[in-house]
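Read through the structure below, which is laid out as structure tokens, and then see the notes.
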Amino acid sequence: MYIAPAFIKGNRKIWRIGLIFILAGTLIFIPIAVMSQGEVEVFTITDVNTEAFPLVRLQVAARDTSGASVDILSDANFLVLEDGVELPVISVESVEAGVRLAFVIGPGDGVLHTGVSLASVYDAAREHIQTFILGRPWMVAGVDEVTILVQEGTSTVILAPMGDDPQEIGEILTGYIPPPDYGFSRSPKYGDFTRAALEHGLDELLYSAGGELKPQALVIFTPGVRADLADVAERAINVGIPIHVILTRPKETHYWDEALRPLAEVTGGKFIALYEVEGLEQLFESLTAPRGEYIVSFRSTSSSPSVREVALELNRAGQIYQAFSQYSVELENPQVEIISLGGGSLITRQGQEEPGTPAEAVPTFIIVEAEVSWGDEYPRSLGQARLLVDDITVAQSQVVDGRVEFAWDIRSYQIEGQVPAELKVRVEDELGIPGISSPVTIAIEYIPPPATGFKPTESMLVYVALGVALVAVALAVFLFFNRSRLVPAIQQAGENIIDFVERVTGRRTALIARAYLVPLEGFDKLPSKPYEIYGTTAIGRSRRHADLLFHINDEDSPISRLHCTILDEDDHFTIRDEDSTNGTLVNDEKLPPLEPLMLQDGDVIDVAPLERGGLRFLFQLARPDGQPPGMDDDIRRTRPRRIVDQSS
């Protein structure tokens, strides 16, 4: 409705009400980040961020037919697959990805052709661009990026380089004064000025540093052009950049828009004649509509060095959408270094005065510290770290903030003189990638306590030795004449002592075998007799660590120095793998390291897998008289608990 100025002046109340409505209408157009509720037309992965690997962040765009971002948080489910393996989605969050725009201001084919000067075009363009960045700002500082170019004839001036600071861009826009048109009043050929302006605008969008992955668009203010711009249109289509044309003329014309309307339509842009509209609010709304995107996070479980294929599936109201991408990371093994002990260190254990034992010599424990670092700059979770001494696990501990500390029990080092020990620390990350430190060789020396009290002379020792010899002879004569009464008592006492020692130490002290290991496979020549088990028995290839030895001089043997131990538990036997390199199997089931398993009569034990050169035994309990059960003894011989397919 038209209201005469005289009526407004005569009614201040109505004028004030009208002003309120105008202000309210202005506020309505202040941009708010609102997602479309329409159907998803475009679903794509725009970026894969691996800076915090194994945490992977996929940046995802979901847009409707108009290009506006679609709200998919409220009613959608996501599924992530990496190299075909389904992985749980950790989080989905919306993010302001921003837009990247180039505003181009040009003279068209020149003032002598179009009748409109560059200064007139610039004044109109400046007003609308100021509205976009500062007036009723659609531009979000620090998120959106804008560049402004002015075409001065054949020269393109980058008035405001690509940036995300609206204040700075506004100051540059206000401070520029267009030059007179006499230097470019007429284009040498129709379209030359405009073609150069558009090409430079596309270059700025494609090659300026910044958010190259953001949605992009070009807006050109021009008084008109009479030329075929198919080459520019083809380039814009190929790179997916729409061109919006603002015909900047004071009066309606159909002569100067014939080449510009098709340019906007084929590239997916809009054609707007300023003489037909009051503002560019609808254009600005469409330019910023694709700003919203999503971050879908998941945690990779793969250590593959190859390119990884990622598939993201969106299920929205029963409709399935898929997006695909790929990425690669170069992973290195965790770097481990022992920092508390240097090579060649000597640890001295000082024996204590009586009644102290060598085991009580101090120190009894050593603290070993190590650091874990990441050369690939991708920190990952770590499991239990292990301290290896001469390749045998002696302690385990958790890595905390890149450091691990072990308490190493050295009470077993009771030999006088220096005993060397090679230390390593081994870790394994969440992807199964191992890391092991360089070996550190140290020595441990046990020093017995100093002698104290009375010291006999040499002559005294001679007399004592003669006295002991006479007592021994007299005792022998006594025992000879009383042997019929003393022998049974001595035998009983010996059995009692053996039983006591066996219970305390768990070592082989029984007079008769309690079990047998019958060789089955893996031997160059099958032994004719089974191996006797008297009590707790360690199996391996090192004389220092094992009781039952195999492959003693074979450094390439699959059997470790200390491979496994059969434990005498008084009323039954168990077997424990000592964290060996190739493992121990019972009835084809691999034992977890350092966890004992109860043995049954007839179990089949593999000391390392047969295919790697291991040995296979049949475990049999002995008869009460200590003899192995005969091959035809149906009472003692039993089958393994799980039937083994002999055909494979």
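Summary of values
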| read-out | value |
| --- | --- |
| Scope segment 300-338; condition free of Cβ contacts under 8 Å to residues at least 60 places away in the same chain and in a strand (DSSP E or B); matching residues | Ile320 |
| Any hit, segment 523-535, residues being hydrophobic (A, V, I, L, M, F, W, C), in a strand (DSSP E or B), farther than 26 Å from Ile415 by Cβ and modelled with pLDDT of 95 or more | no |
| Unique residue being in contact with a helix residue (DSSP H, G or I) (Cβ under 6 Å, 6 or more places away or on another chain), farther than 30 Å from Asn49 by Cβ and not aromatic (Phe, Trp, Tyr) when the list is Gln396, Gln352 | Gln352 |
| In segment 268-281, the residues that are under 45 Å from the mean Cα position of the chain (by Cα) and either farther than 26 Å from Asn238 by Cα or surrounded by fewer than 18 Cβ atoms within 10 Å (Cβ to Cβ) (or both) | Gly268 |
| Residues that are touching a strand residue (DSSP E or B) at 6+ places or on another chain (Cβ under 7 Å) and at pLDDT below 95, drawn from segment 72-82 | Ile72, Leu73, Asp75, Ala76, Asn77, Phe78, Leu79 |
| Verdict on Ile295 being more than 30 Å from Pro434 (Cβ to Cβ), assigned to a strand (DSSP E or B) and without any contact (Cβ under 8 Å) to a residue 12 or more places away in the chain | no |
| In segment 408-439, the residues that are touching a residue at least 60 places away in the same chain (Cβ under 8 Å) and among the small types (Gly, Ala, Ser) | Gly432, Gly435, Ser437, Ser438 |
| Top-ranked residue of segment 377-388 - restricted to ones that are touching a Leu at 6+ places or on another chain (Cβ under 8 Å) and farther than 28 Å from Arg541 by Cβ, ranked as surrounded by the most Cβ atoms within 10 Å (Cβ to Cβ) | Arg380 |
| Failed item, numbered, when Gly240 is tested on (1) under 30 Å from Asp83 (Cβ atoms); (2) touching an Asp or Glu at 6+ places or on another chain (Cβ under 7 Å); (3) not aliphatic (A, V, I, L, M) | (2) |
| Any hit, segment 209-220, residues being in a helix (DSSP H, G or I) and of a type in the set (Lys, Arg) | no |
| Residues of segment 425-434 classified as in a strand (DSSP E or B) and over 20 Å from Gly342 (Cβ atoms), total | 4 |
| Search result, residues across segment 144-170 that are surrounded by fewer than 19 Cβ atoms within 10 Å (Cβ to Cβ) and either within 16 Å of Val219 (Cβ to Cβ) or within 46 Å of the chain's Cα centre (by Cα) (or both) | Ile158, Leu159, Pro161, Gly163, Asp164, Asp165, Gln167, Glu168 |
| Conditions (1) small (Gly, Ala, Ser); (2) in contact with a Pro (Cβ under 9 Å, 6 or more places away or on another chain); (3) part of a helix (DSSP H, G or I); number of the one not met by Gly269 | (3) |
| Test: Tyr176 is at pLDDT below 95 and surrounded by fewer than 19 Cβ atoms within 10 Å (Cβ to Cβ) | no |
| Of the criteria (1) assigned by TED's automatic domain parsing to the domain that holds Asp192; (2) surrounded by fewer than 16 Cβ atoms within 10 Å (Cβ to Cβ), which one Thr253 fails | (2) |
| Enumeration of residues in segment 231-264 that are out of contact with any strand residue (DSSP E or B) (no Cβ under 6 Å at 6 or more places or on another chain) and either on the phi > 0 side of the Ramachandran plot or assigned to a loop (DSSP other than H, G, I, E, B) (or both) | Gly240, Arg249, Pro250, Lys251, Glu252, Thr253, His254, Tyr255, Trp256, Glu258, Ala259 |
| In segment 389-406, the residues that are exposed (fewer than 14 other Cβ atoms within 10 Å of the Cβ) and in a strand (DSSP E or B) | Gln398, Val400, Arg403 |
| 1 or more residues closer than 15 Å to Thr536 by Cα and hydrophobic (A, V, I, L, M, F, W, C): qualifying strands (runs of 3 or more DSSP E) within segment 564-635 | 573-577, 615-621 |
| Hey, Arg291 crowded, with 21+ Cβ neighbours inside 10 Å, of a type in the set (D, E, K, R) and under 20 Å from Val150 (Cα atoms) or not | no |
| Some residue of segment 174-181 being assigned by TED's automatic domain parsing to the domain that holds Glu258, touching a helix residue (DSSP H, G or I) at 6+ places or on another chain (Cβ under 9 Å) and under 29 Å from Gly240 (Cα atoms) | no |
| Filter pass, Glu51 being exposed (fewer than 12 other Cβ atoms within 10 Å of the Cβ) and modelled with pLDDT of 90 or more | yes |
| Number of positions in segment 435-460 that are assigned to a strand (DSSP E or B) and either modelled with pLDDT of 95 or more or not aromatic (Phe, Trp, Tyr) (or both) | 9 |
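The values are calculated or read from the model by the stated rules, or taken from the named source; none is laboratory data. Model, not experiment: these values are computed from the prediction. Cβ sites come from the backbone with ideal geometry, for glycine too, and all protein chains shown count toward neighbours.
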